[in-house]
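First the structure, in the form of structure tokens, and then the observations on it.
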Amino acid sequence: MELWIPITIAAAFFQNLRSALQKHLKGRLSTHGATYARFVYAVPFVALYTAVLAGPGNAPVPTPSLPFVCYTVAGGSAQIVATFLLIHLFSYRNFAVGTTYSKTETVQTAIFGILILGDRLHPLAAGGIIVSLIGVMLMSAGRGPTSVRTLFTAWSERPALIGIASGACFGISIVSYRAASLSLQGTTYLMQAATTLLCATVFQTVAMGIWMRLRELGEVTRVIRTFRVGVWVGVSGMLASACWLTAATLQNAAYVRVVGQIELLFMFAASMLFFHERPGWLEVLGIVLVAAGIVLLLLA
């Protein structure tokens, strides 16, 4: 098994954990405040992780170049915008349509990888990306009030367009991070990913902190007061991001995102085994297609 695969699976696990912890903050913070906690509390742990990698006798610290700075700022900005768009979707009555269309991130990541980095896409991998996307959309239709017909006819409506834009920004973000990481020379892939993560997280913390001070006065202070939970959000967030970036440094970002959808398989299994929920036929078909898409990609 190639190293990037277990690293991606770990990324999906830690991302799930971070999301669960962030939900505990939603009662005490605004949506933006809970999002900001993800960045601000991750900074010290990312810095510590990078320092350990750069310790005596370990990986040399790379010298950032202008392309690195540009790609890191682009990736960090795109991730913030993508998150804001995703949050904004919940103000719409039919937000489920928009969140489903945000899942087009995998396809858009593949396109941006080709355009920005010249990544090559194996025909089997391309098929796996499309199959898994259809699977995710069917799962969304099976879980909520949105029908398959609505999903495929509402693509031009505002929530769907916002969802597509969110997916595009997430795609630009991961591809930009991969480009930034690969631009660093003379060190290990772990240090490439860690340096990119540290610079991106610091940039996001400062940029979003300024925005919060201007738009939500007092919210930064409330974020600081939730440090008991926020610290664990930071730890899990750092582990998730470090794994995502390390995997994306080793492999095509679109491949990483598709394999990362294995978290849906875990959630599906947990809902049946622990909560005794009975999935509908659309949900079952969707999960089968997601699994098939991952297998096709790994066979490429």
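Read-outs throughout are calculated quantities, based only on the coordinates presented, and are distinct from any laboratory measurement. A quick note: this is a predicted structure, and the numbers were derived from the prediction, not measured. Cβ sites come from the backbone with ideal geometry, for glycine too, and all protein chains shown count toward neighbours.
Across the alpha-carbon atoms of the chain, the computed radius of gyration and Dmax are 19.0, 59 angstrom.
Could you tell me which of Leu217, Asn16, Ser173 has its Cα farthest along the dipole of the chain towards the positive end, charges placed at Cβ (Lys, Arg +1; Asp, Glu -1), taken about the Cα centre? The listed residue farthest towards the positive side: Leu217. Looking at the chain, do any whole DSSP H helices span at least 20 angstrom along their long axis by alpha carbon and average -0.5 or above on Kyte-Doolittle, and which? In the chain, the long hydrophobic H runs are 4-25, 66-88, 123-143, 158-183, 189-215, 227-250, 281-299. In a reduced charge model with +1 at each Lys and Arg Cβ and -1 at each Asp and Glu Cβ, the range 4-299 shows a dipole moment near 660 debye about its Cα centre. Given +1 at the Cβ of Lys and Arg, -1 at the Cβ of Asp and Glu and no other charges, the dipole of the range 153-231 around its Cα centre is 240 debye to the nearest 20.
What's the FRET efficiency of Leu273 with Leu66 using the Cβ-Cβ distance as r and R₀ = 45 Å, to the nearest 0.05?
The calculated FRET efficiency here is 0.30.
Taking packing as the residue-averaged number of other Cβ atoms within 10 angstrom, the listed peptides 208-215, 30-37 run from highest to lowest as 30-37, 208-215.
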